[in-house]
1. To the nearest 0.05, how large is the calculated FRET efficiency for Ala227 and Ala129 if R₀ is 60 Å and r is the Cβ-Cβ distance?
2. Counting only heavy atoms of protein chains, what accessible area per residue, in Å², does the chain have with a probe of 1.4 Å?
3. At a threshold of 8 angstrom on Cα-Cα distance, excluding pairs fewer than six apart, so keeping six or more, what relative contact order does the range 84-161 reach in percent?
4. To the nearest 500 deg cm²/dmol, what mean residue ellipticity at 222 nm is calculated for the chain from DSSP H runs of n ≥ 4 alone, each contributing -39,500 (n - 2.57), summed and divided by the residues?
5. Hey, got a sec? Which chymotrypsin sites (Phe, Trp or Tyr not before Pro) in the range 423-497 land in a DSSP loop and have at most 13 other Cβ atoms within 10 Å?
6. Name the longest site-free stretch of the chain, where the excluded sites are trypsin sites (Lys or Arg not before Pro) in a DSSP loop with no more than 10 other beta-carbon atoms within 10 Å.
7. Give me the number: length gained by fully extending Ile30 to Arg386, i.e. 0.36 nm times residue separation minus the C-alpha to C-alpha distance, one decimal in nm.
8. Can you give the relative contact order of the chain as a percent, counting alpha carbon pairs under 8 Å and 6+ residues apart?
Amino acid sequence: MTSDVLSSGLIEPLSADVRRPVIIAFLVLIGCALLWLITLVSGQADSPDELYVAGRSLGPGANGSALAGELITASTLLAVPGAVALFGYDGFAVAIDLLLGLGIALLFAQKMRNSGCYTLGDLFGLRAAGTAPRIAGAVITLAITIPMLLLQFRAAGVGASLLIGASTLPVQVTCTVMIGCLVTCFAAMTELRSGTYVHLLKVPLVLLTLGTLTLLSLKAVGWHPDALLAAAANGSANPAQYFAPGMWPYENNFGPLNDIGAHMVVILGTACAPHVILRISASRTGQAARRSAAIAIALTGIFSVLLITTGFAASAVVGGQKIFAVDGNGQSSLLLLAAAVADEGPTLRVVLLTVISCVTFLAVLTAVSSATFAAAASLAHDVFARHKRHRTDEGEVRFLRWAVVVLCLAGILLSAVTHTYQVEFLITFSMSVAATCVFPALTLTFLWSRFNRRGLLWSVYGGLLICTTAMLLSPSVSGNAYALWPHADFDWYPLQTPGLLSLPAALALGWIGSLTSPNEQPRNHFSDLESTFLVGRTTTHKENNHVHH
């Protein structure tokens, strides 16, 4: 973020004539959200099973729409169009990775639902008995969730500061803390069913907003898509390379390998995120889980196309140089595009900017709620509820609520403390942990009968260690203008993401660990579940208690 340019007043993202009505409308949305919070408080679920997975009663349509909504985060909604506007083809590829990630989730959806599991600890426990697999699941869930929270709160603070026309660092931090506290209240009171309702509101609203921006952008270039693409290239910093790989700031001499690793991490990390697993597990049956994933793929495909188009439109109508001057990461591109294409009067401009601000707030609300809820569910279900025998449902629910508050406050604090640093690499780390520590474990669990406790722990913890070490020694942390410490130089690992090293290593560790423990028999719990949770059968609350306890 070029804070010196912003604070100098040379760039004015929003004109003064539209800022006041937009802020008023945004405050009205927050007021309505508070009323919704009161409704949530009055209708709390008492059963952990109802709280975590809505009693496994969600149909494919609602759950599929909500699953697509899980990918519509503030980071995705704001950063992907900016990446397309600034970096062309490389930003385009990121949007496609989200769609491919749901394709991988589709392959696992039916088995995950039929297993009766809904946390990483549950899934890790299919092949390994004891508390260690469940603790490993909680550790990995936290390693994935906390970086995501930090970046979601940061994106909300940047967006709010642009909205009020004072995008200096102190204002950004203040907005981050204020919106973070509001979102924390929602996250603490929410549950999976109520979160589904918010997704059902958010998804069509986001698609309608992006579609409107696309139509207005096409109108600005005479309704010719080829003219839009040509203008996008001309408006970029490097027109000759705009539609070719290589503009991404992390590119190096290992270009193809670097790109393959980065795409692999995003695809597999999206498929194995804890909140995505929790959402899939809320389906009525295994077949319903597959249908939910298929619906989510269709909706995410539309979302990805619209994100890419608005990114091209931002470069064409606004210009990459202006976007970069306002926001070095491109997160202001949608607001700047809306202000530029609404040339029919201030009313349309106010409406567009208000809707974008509202959907961004909803994206932050749902992303933070889903991520923290999945992490708190792991702590409550896998750690708290099994620490002692005499734990009540009420105590487990109470622990979950406090865990959500603590996680959100930690995310707000970390976001405020690191606001002057370039910590965008944390989303790469989060995705890398999910791809490295979850995907190999699930693959071996579902496909290899000899996978056992030692193999699981070696794969999960070994993968986490390799992933963290490689990330710290990568160009994302040092030796690059976009790195955490751009003036330092200890990037001994040459690739942007650790996936090409850590993921094969985690698979190898799982295989070696299982083969080198001949006295340990693999747990047959998964085979029992395959015969118990038949396809097409709705799991009852009694059966869930038998599976998990």
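The values are calculated or read from the model by the stated rules, or taken from the named source; none is laboratory data. Here the structure is a predicted model, which is why all the values come from computation and not from measurement. Positions of Cβ are generated from backbone atoms using ideal geometry, with glycine treated the same way; all protein chains shown enter the neighbour counts. Protein only, heavy atoms only, side chains kept; ligands, DNA and RNA dropped before computing areas. Shrake-Rupley method; radii C 1.70, N 1.55, O 1.52, S 1.80 Å.
1. Working: r = 63 Å, r/R0 = 1.05.
Working from the Cβ atoms, E equals 0.45.
2. Values: 20640 Å² over 549 residues.
On a per-residue basis, 38 Å².
3. Details: 26 pairs, mean separation 11.9, N = 78.
Computed value for the range 84-161: 15 percent relative contact order.
4. Numbers: 24 runs with 391 residues, N = 549.
Using -39500 (n - 2.57) per qualifying helix, the result is -23500 deg cm²/dmol.
5. Listed in order of number, the matching sites are Phe490, Trp492.
6. Values: sites that count: Lys388, Arg389.
For trypsin sites (Lys or Arg not before Pro) (loop position, at most 10 other Cβ atoms within 10 Å), the longest site-free span of the chain is 1-387.
7. Contour length minus the Cα-Cα distance gives 124.3 nm.
8. Values: 1002 pairs, mean separation 157.6, N = 549.
In percent, rounded to a whole number, it is 29.
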